[in-house]
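What follows is one structure encoded as structure tokens, with my remarks underneath.
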């Protein structure tokens, strides 16, 4: 359905391609915002514990743009774009977005909270780099299952960790409502109650209008993400062909930055509100999902649709994965040892990201030959 709709927007000129690519990014970002908010609300009122919502539903929902963009690219045979978007999002998240948080507001690092997550992220990147650097440079189904197991371990650790935190939180008894009598206030209160509904399973009282609002936002957000992802893939490929560059370069630059905009907004908001740990936690979780969920999904799509393993090209093997492992190491290992982040890490990561993009561009232009 959405592929047919996206055909309506197809253009043959560069300007139109850029406009539609930007439109796709806008739809993905805004649709993702609506979808996450509505999904969280629906999950909460349905009686799912808050710690489960934060650890699972929100974690996956915030990376839905990357999941769909890479999945659509894989289904269209653009393996380079699919892998580039996933790995490029990790590189952008850590070496640019997280680096900004560290540069402007370094914070303490909780070894206890992040030890398992750091280990899982390093394990996922290491496995994928090993796969890309050996053999025929493809991600076969059984290798995809190994990587997917890391995602399952991450979700389980998330739930266990969140459950511990929820038990440690102080109990606040509910506030008892006093009767309003028979005056004007009582009438207003009675009218308010008619506009609300109490969920028997959870005891939550919600506005009836909020039910329709969040269902609409859920459906509209999902539709915007799917349509936006389709526009990004279609026009990203067209943009690459018109410029004479590879899908991989478009994937690790334009698509990766575009799908990482929600994390950028979160980081900027966290800096303004002086909540650096919020930005760091969100980015680490998003990166694990980007690596350990998206690429296995793309491998399964490639196997089912084309009957072949997911090919990993030279750019990913020689530059993308090694850089990804390097930035993860620079950002997290010293912090884990020292128990805090340092500004020099942020500066080094941003410098590394600039060098990384420069190498990609110079290789594309033929100035240097890396892969």
Whole-Å distance, taken between Cα centres, linking the stretch 234-250 and the stretch 113-143: 27
- request: Subtracting the Cα-Cα distance from 0.36 nm times the residue separation, let me have the gained length for residue 305 to residue 19 in nm, one decimal.
  value: 99.9 nm
task: With a point put 7 Å past each Cα toward its Cβ, work out how far residue 371 is from residue 104 in nm, to one decimal.
output: 3.2
task: Please give the peptides 139-150, 83-94 ranked by average Cβ packing (other Cβ atoms within 10 Å per residue), highest first, as a rough proxy for protection.
output: 83-94, 139-150
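According to the square roots a ≥ b ≥ c of the eigenvalues of the Cα gyration tensor, what is the shape class of the stretch 286-333, taking rounded for a/c under 1.5, prolate for a/b larger than b/c otherwise, and oblate for the remainder? Numbers along the way, then the final one.
On the way: a/c = 5.31, a/b = 1.78, b/c = 2.98.
Oblate.
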- prompt: What nm distance separates the two modelled labels at residue 126 and residue 219, each placed 7 Å from Cα along Cα→Cβ?
  reply: 4.8
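Ranked by Cβ crowding within 10 angstrom, fewest neighbours first, how are 289, 333 ordered? Mind dumping the intermediate values first?
Values: 289 23, 333 13.
The most exposed by this proxy come first: 333, 289.
Test of understanding: what is the full-extension gain from residue 342 to residue 149, defined as 0.36 nm times their sequence separation minus their Cα-Cα distance?
Details: separation 193, 0.36 × 193 = 69.48 nm, distance 3.21 nm.
Difference between extended and current length: 66.3 nm.
Using Cβ counts within 10 Å as a stand-in for footprinting exposure, how do 356, 114 rank, fewest first? List each step's numbers first, then the result.
Numbers: 356 24, 114 19.
If I rank by nearby Cβ atoms, fewest first, I get 114, 356.
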- request: For residue 351 and residue 242, calculate 0.36 nm times their separation in residues minus their Cα-Cα distance, and state this gained length in nm to one decimal.
  value: 36.3 nm
field: Exposure proxy ranking, count of Cβ atoms within 10 Å, fewest first, for 242, 112, 30
entry: 112, 242, 30
field: Angstrom value of the Kirkwood radius, inverse mean 1/r, which spans all Cα pairs in the stretch 84-151
entry: 14.0
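A short reminder: the numbers here are calculations on the coordinates, not readings from a lab. Keep in mind that what you see is a predicted model, and the values were worked out from it rather than measured. Backbone-built Cβ (ideal geometry, glycine too); neighbour counts: all protein chains shown.
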